[in-house]
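The values are calculated or read from the model by the stated rules, or taken from the named source; none is laboratory data. Worth saying up front: this structure is predicted, and the values here are computed from it rather than measured. Backbone-built Cβ (ideal geometry, glycine too); neighbour counts: all protein chains shown. Heavy atoms of the whole protein, side chains included, go into the accessibility calculation; ligands, DNA and RNA do not. Shrake-Rupley method; radii C 1.70, N 1.55, O 1.52, S 1.80 Å.
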Amino acid sequence: MEQRTRTRMGTAAAGTKGATGTTGRVRKGLRAGVAAGLAALTIATAAGCAFGRPKVVVPPSWASASASASASYDPANPTPSSSYTPSYDTYSPSPTQETYDPDGRSDVHGSGCDFSSSLRQFTYTVSITNPSTTSTYSYDMRIDWMKDKPADGSTYGVHQRSVVVAPGATETYTAKYTLNQSSWQAFWYTCQITRATKSKI
């Protein structure tokens, strides 16, 4: 009687073959997936969509501003080091009352000292300028035609007059003196402003 013993070799071989076929298919699938992923990554990198770190470009002005700010700031002494000296306008109050010299001869100028033989008359042109810009003055004037050679202090004639001069104005007049005598000898004379008393009005 012939006995037959079943073995599982065929089954194992078949199973091994089946497992090997499945493993091969899985490996092929993984390879295809990895290849597809690498292809997608390559395309994305070529198109500029790689997930790398973005580059930030700092403008030069920002860099210099931050450098200067950090250089000028001291945490231990936050007060700026630049010095500041305040300046103040000087104020000088104007005088409340104008002062003046009652002797106004410095305000007076004379010219054209002359004598007319036909008229027997001395003449002298006098100009008075009031230097004040606010006050009106009255000038009490005296003009003398003095003996010149010899100059002994004697006077041939006198002219007196009061003249009112407004602020900053100039008044001009001609002082005159007529001799009473009808005849005389040649003589020397000079004109003098002997008084110009100034008073405020």
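Scanning the stretch 135-168 for residues that are assigned to a strand (DSSP E or B) and open to solvent by 30 Å² or more (accessible area, probe 1.4 Å) turns up ASP140, ARG142, LYS147, THR155, TYR156, VAL158, HIS159, GLN160, ARG161, SER162, VAL164. If the condition is being farther than 26 Å from SER135 by Cβ and in contact (Cβ under 8 Å) with a residue 24 or more places away in the chain, then the stretch 181-201 contributes GLN181, SER182, PHE187, TRP188, TYR189, THR190, CYS191, GLN192.
Considering only residues in the stretch 178-201 that are of a type in the set (Gly, Ala, Ser) and at pLDDT below 95, the one that is surrounded by the fewest Cβ atoms within 10 Å (Cβ to Cβ) turns out to be ALA186.
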